[in-house]
Amino acid sequence: MLHSAAQKSDVVSRINSQIKPEGESEVAVFNHPEFDNHEQVVFCSDQETGLRAIIAVHSTRLGPAVGGCRLWNYATDEAAIDDVLRLSRGMTYKNAMAGLPLGGGKSVIIGDAKTIKSEALFRAFGRMLHRLGGSYYSAEDVNITTGDIMQVNKETPFVAGLEGKSGNPGPFTALGTYQGIKAAAMHKFGSADLAGKTVAVQGLGSVGFYLCEHLHKEGAKLIVTDINQTAVERAVNQFGATAVGLHGIYEVDSDIYAPCALGATLNDETISLLKAKVVAGCANNQLKQARHGEMLRQRGILYAPDYVINAGGIINVACEMRPQGYNEAESTAKVNQIYHTLLNIFQRADAEGKPTSDIADVMAQEIISRGQQ
Ligand code: NAD
């Protein structure tokens with residue numbers, strides 16, 4: 001309670017001293033370069049468990065926001081804000097292009113995955129999630145397992161990708177990526193048949209390895225690389241793949257380069273090395289900068305936009321969220337649609353003389369502005 005006029009005037013002058021003239025605000029979120037009218041950005045802290053998390057709901061225009069929770073030891077709070085703003089916006093675009101009745105969101109927990117994990121921490125996160133009332137559903141992402149999400153689920157139903165339901169998204173992301181590669185081959189080489197085509201696969205993890213299986217079955221020749229030599233040996237033994245060094249993968253004679261490991265592998269240095277005429281893989285954030293989409297186009301390389309080709313996993317998770325529940329056959333049929341979505345993007349990009357990455361963004365924005373059908 002403020003009693004005296006002097007006390008009140010002191011508070012007013014303190015508030016006024018914090019108001020900056022227009023254009024000079026220093027608010028960390030609203031002026032952030034990655035801020036894109038996100039509906040909610042929630043900072044969560046729980047002293048008992050050490051939880052520090054940020055939940056960003058970018059858009060619920062098409063439905064409840066869905067996106068994974070990432071556990072990462074960010075160097076600064078700013079780096080965590082940067083990541084959550086960028087990733088949540090990306091989920092809005094990904095879900096829209098996948099034809100899902102879902103918006104986009106993402107969450108990050110700040111900490112060292114080796115030491116911070118506990119049931120109490122995930123339950124505290126679950127209570128924070130619950131307060132959002134279902135505007136955001138969380139799933140697994142980097143350093144978060146479906147087992148961790150099961151702990152979150154003890155406090156809130158607003159989670160997706162649970163054990164015993166849709167399960168591991170990897171094989172579905174691989175199927176969608178395989179369909180995307182076929183669409184790109186159709187557009188670039190005039191046939192979706194991959195028999196005899198050479199595909200350079202970078203990264204043989206939970207998506208890359210399944211992708212190789214599809215490609216091998218169809219008769220594609222594989223060139224592979226990974227920092228994990230065991231994974232490389234398995235691919236050589238099972239699929240007759242040719243192994244190359246980590247950097248060599250960009251320069252090999254191939255028809256298709258499939259980045260399935262890291263982000264930002266399409267940059268000034270690597271694009272000029274590529275001999276492949278198609279880039280189509282599952283990795284997130286493949287273009288180091290947006291302008292690299294145009295650089296690929298100018299080199300005559302067809303690029304399958306990452307968030308469209310790698311949507312198989314989220315399509316499968318979304319299937320579990322339907323009132324009628326999960327159905328593998330229906331999920332698979334929807335993942336196969338990625339083939340047609342990409343063909344549409346390629347055709348429109350040609351017609352408008354623009355990079356496929358820009359066209360995907362425009363198409364996603366059109367879907368979002370139309371709203372729920
Ligand atoms: P993963 O961690 O299981 O596999 C990544 C593989 O890349 C590992 O085998 C790792 O050793 C290898 N790797 C790391 N650095 C490398 C390097 N410099 N050169 C070559 N190989 C390297 O991950 P994942 O689930 O298979 O996902 C792969 C990519 O796809 C990631 O970018 C991920 O964000 C994206 N993605 C995955 C899914 C999914 O369903 N898992 C969905 C959408 C997007």
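The values are calculated or read from the model by the stated rules, or taken from the named source; none is laboratory data. Only a predicted model underlies this, so the values are computations on that prediction, with no experimental measurement involved. All Cβ positions, even for glycine, are placed from backbone atoms using ideal geometry, and neighbour counts span all protein chains on display. Ligands, DNA and RNA are stripped out before the accessible areas are found, and what is left, the full protein with its side chains, is counted by its heavy atoms. Shrake-Rupley method; radii C 1.70, N 1.55, O 1.52, S 1.80 Å.
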- Message: Here are the criteria: (1) touching a Phe, Trp or Tyr at 6+ places or on another chain (Cβ under 7 Å); (2) more than 16 Å from the ligand (Cβ to nearest atom); (3) in a helix (DSSP H, G or I). Tell me which single one residue 134 does not satisfy.
- Response: (3)
- Message: List pairs: first residue in region 197-219 and part of a strand (DSSP E or B), second residue within 11 Å of the ligand (Cβ to nearest atom) and open to solvent by 50 Å² or more (accessible area, probe 1.4 Å) anywhere in the structure, Cβ distance under 6 angstrom, at least six positions apart or on different chains.
- Response: 202/261
- Item | Boolean, residue 105 is within 30 Å of residue 343 (Cα to Cα) and away from the ligand (no atom under 13 Å from the Cβ) | yes
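Considering only residues that are open to solvent by less than 30 Å² (accessible area, probe 1.4 Å) and of a type outside the set (A, V, I, L, M), look in region 197-225 and name the one that is farthest from the ligand (Cβ to nearest atom).
Result: 198.
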- Item | Cβ-Cβ under 8 Å pairs, at least 6 apart or on other chains, region 149-169 side closer than 14 Å to residue 325 by Cα, far side among the charged types (D, E, K, R) and open to solvent by less than 80 Å² (accessible area, probe 1.4 Å) | 160/320; 161/140; 161/320; 162/320; 165/320; 166/320
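Given 176, 196, 248, which one is among the small types (Gly, Ala, Ser), at pLDDT 95 or above and on the phi > 0 side of the Ramachandran plot? Spell out the reasoning first.
Values: 176 fails: on the phi > 0 side of the Ramachandran plot; 248 fails: on the phi > 0 side of the Ramachandran plot.
Testing whether each residue is among the small types (Gly, Ala, Ser), at pLDDT 95 or above and on the phi > 0 side of the Ramachandran plot leaves just 196.
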- Go through region 252-352 and tell me which helices (runs of 4 or more DSSP H), entirely inside it, have 1 or more residues that are within 13 Å of the ligand (Cβ to nearest atom). 268-271, 306-309, 312-321, 328-336, 338-352
- residue 142 vs. criteria open to solvent by 50 Å² or more (accessible area, probe 1.4 Å) and in contact with a Phe, Trp or Tyr (Cβ under 7 Å, 6 or more places away or on another chain): yes
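Using the structure shown, decide if residue 150 is assigned by TED's automatic domain parsing to the domain that holds residue 286 and not small (Gly, Ala, Ser).
Judged against the criteria, residue 150 is not a match.
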- Query: Has region 94-113 got at least one residue that is of a type outside the set (S, T, N, Q), in contact with a His (Cβ under 7 Å, 6 or more places away or on another chain) and open to solvent by 10 Å² or more (accessible area, probe 1.4 Å)?
  - Reply: no
- Task: Please find, within region 69-82, the residue that is nearest to residue 363 (Cα to Cα) out of those that are out of contact with any helix residue (DSSP H, G or I) (no Cβ under 8 Å at 6 or more places or on another chain) and not hydrophobic (A, V, I, L, M, F, W, C).
- Result: 82
- Item | Failed condition for residue 115, given (1) of a type in the set (Val, Ile, Thr); (2) assigned to a helix (DSSP H, G or I); (3) without any contact (Cβ under 8 Å) to a residue 40 or more places away in the chain | (2)
- Message: What's the total number of residues in region 83-110 that are over 17 Å from residue 365 (Cβ atoms), outside any strand (DSSP E or B) and of a type in the set (Val, Ile, Thr)?
- Response: 1
- Would you mind finding the one in 230, 173 that is buried (at least 16 other Cβ atoms within 10 Å of the Cβ) and either within 12 Å of the ligand (Cβ to nearest atom) or among the hydroxyl-bearing types (Ser, Thr, Tyr) (or both)? 173
- Query: Can you name every residue in region 289-325 that is polar (S, T, N, Q) and within 19 Å of the chain's Cα centre (by Cα)?
  - Reply: 289, 310, 316
- Query: Which one of these does residue 167 not meet: (1) within 16 Å of the ligand (Cβ to nearest atom); (2) surrounded by fewer than 24 Cβ atoms within 10 Å (Cβ to Cβ); (3) assigned to a helix (DSSP H, G or I)?
  - Reply: (3)
